[in-house]
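Heads up: the structure comes next, in structure tokens.
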Amino acid sequence: MNEITKPAGKQASAAVNEQRLWQRHVDMAKFGATPKGGVNRQALSAEDIKARALFAEWVAKRGFELFVDEIGNLFVRRPGTDPNAAPVLSGSHMDSQPTGGRFDGIYGVLAAFEALEAIDDAGIKTKRPLEAAAWTNEEGARFAPGCMGSLVYTKPDRLQQMLQVKDAQGTVLKDALAATTAALPKAKKRAFATPVDCFIEAHIEQGPILEAEKKTIGVVTGIQGSRRFKIEVIGQDDHAGTTPRARRKDALSAAVHIVAGLEKLFHWDKEDVTRFTVGRFVVEPNAPSVVPGYVWFTIDFRDPRLEILDKLGDQVEGICQANARKCEVKVTQTNRTPPIGFKGLVADAVLAATQRLGYPHMHIFSGAGHDAQHLFNICPTGMIFVPCERGISHNEIENAAPADLAAGARVLADVMVDLANR
Ligand code: HGY
Ligand code: MN
Ligand code: MN
């Protein structure tokens with residue numbers, strides 16, 4: 001932190017407008033609004049396209065430049081005095097889970113935009129350009145895997161594979177993406193892996209700790225690792241009335257035993273640190289009088305310890321085969337992200353800004369995954385958490401307080417000025 005930026009950082013955080021930030025959340029929540037007050041704004045859907053269009057309107061009104069890359073990631077740029085310097089980048093995602101909340105992801109996009117606006121309102125010059133990003137398809141609910149936009153941005157060789165991914169209705173990602181980018185004609189093209197000086201992501205905690213500890217800011221120390229699998233159980237459709245047990249290849253019965261075996265494996269720790277979720281379970285043909293011939297389901301396995309991720313994850317195949325009964329089982333690992341730790345430049349800047357601004361804070365580890373996990377591989381990265389009500393997320397009743405959202409944006413604005421002028 002050099003002396004000249006301290007007042008600039010303070011001016012920037014003071015210029016954060018709580019009401020403007022809150023209203024933008026209200027405006028965005030209209031896209032995909034669901035009955036219990038949440039959103040269903042899945043990646044590259046009509047709702048996502050509308051949200052992107054509104055965001056582009058706000059960007060244009062502000063006079064910032066808008067860029068889009070080949071996987072649909074959006075970048076808003078506020079120029080710096082050194083146009084050749086790599087930008088200080090902040091952002092998150094606009095897409096949601098099918099029964100998502102009004103803050104998961106979108107808060108990080110709007111906090112980043114609010115930081116750029118506040119810095120602009122305060123008339124602060126920064127050496128490095130400042131950018132706000134909206135990463136495509138973080139949630140992975142419609143197109144798997146999640147964190148797709150930030151993954152491809154940092155690993156461009158994965159683009160072709162991702163373009164071919166299909167959703168449950170058979171829509172190919174490439175086609176949904178074409179419609180999405182066509183709806184933003186004014187956005188300039190941005191190449192993948194354009195250098196980034198550093199990345200900061202603001203996000204609701206999606207857990208109960210900050211609220212319970214009465215802290216406004218979480219200085220995030222890292223993100224736990226994850227391994228995700230698709231398990232396919234292939235049996236044989238048969239008549240429910242005429243087929244004796246001895247002749248059945250019942251994919252559902254086998255799948256149920258497989259899940260029971262996996263629960264025995266993953267529910268190993270009494271400290272309840274390991275996370276194991278079967279979130280999607282598809283039975284075909286899903287007809288009451290047909291013995292199910294095909295079942296597929298997902299495994300979302302997470303743990304902060306690399307050795308546990310390896311040890312337990314490597315046993316999935318064996319447990320599936322051991323419980324296959326008369327069916328064939330196919331195990332595909334769809335994603336593996338090791339645990340990461342945020343130390344150094346960005347984490348220190350977040351702590352310093354939080355202390356300067358005097359917010360009650362604590363260090364906190366993230367159980368949820370974020371785009372920051374991929375940016376971590378290409379530049380110094382860190383995260384800022386703010387509380388959400390009762391820690392509830394991936395749920396329509398997800399809620400957060402305007403003052404907490406603004407506090408996170410104030411810390412972010414101060415950090416961005418600090419890092420852009422160091
Ligand atoms: O699943 C996650 O951790 C993130 O919220 N998509
Ligand atoms: Mn999120
Ligand atoms: Mn999420």
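The values are calculated or read from the model by the stated rules, or taken from the named source; none is laboratory data. Worth saying up front: this structure is predicted, and the values here are computed from it rather than measured. Note: ideal-geometry Cβ built from the backbone for every residue, glycine included; neighbour counts use all protein chains shown.
Here are the numbers for this structure:
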item: Test: residue in region 110-127 that is within 11 Å of the chain's Cα centre (by Cα) and within 20 Å of His370 (Cβ to Cβ); result: no
item: Subset tally (residues that are away from ligand 3 (no atom under 16 Å from the Cβ) and either surrounded by 24 or more Cβ atoms within 10 Å (Cβ to Cβ) or assigned by TED's automatic domain parsing to the domain that holds Thr332 (or both)) for region 134-163; result: 2
item: Given (1) among the β-branched types (Val, Ile, Thr); (2) away from ligand 3 (no atom under 16 Å from the Cβ); (3) in contact with a strand residue (DSSP E or B) (Cβ under 6 Å, 6 or more places away or on another chain), number of the condition Thr337 does not satisfy; result: (2)
item: Answer residue from region 116-156, given it is outside any loop (DSSP other than H, G, I, E, B), more than 22 Å from Arg190 (Cα to Cα) and in contact with a strand residue (DSSP E or B) (Cβ under 7 Å, 6 or more places away or on another chain) and is nearest to ligand 2 (Cβ to nearest atom) among those; result: Ile119
item: Filtered residue count, region 328-366, keeping only those that are within 16 Å of ligand 1 (Cβ to nearest atom) and charged (D, E, K, R); result: 1
item: Test: residue in region 367-380 that is surrounded by fewer than 19 Cβ atoms within 10 Å (Cβ to Cβ) and either within 15 Å of ligand 1 (Cβ to nearest atom) or aromatic (Phe, Trp, Tyr) (or both); result: yes
item: Lone qualifier among Glu18, Glu65, Glu114 - being surrounded by fewer than 19 Cβ atoms within 10 Å (Cβ to Cβ) and either within 20 Å of Pro402 (Cα to Cα) or free of Cβ contacts under 8 Å to residues at least 12 places away in the same chain (or both); result: Glu18
item: Residues of region 290-314 satisfying the condition of being under 15 Å from Asp269 (Cβ atoms) and either of a type in the set (Lys, Arg) or in a loop (DSSP other than H, G, I, E, B) (or both); result: Arg302, Pro304, Arg305, Lys311
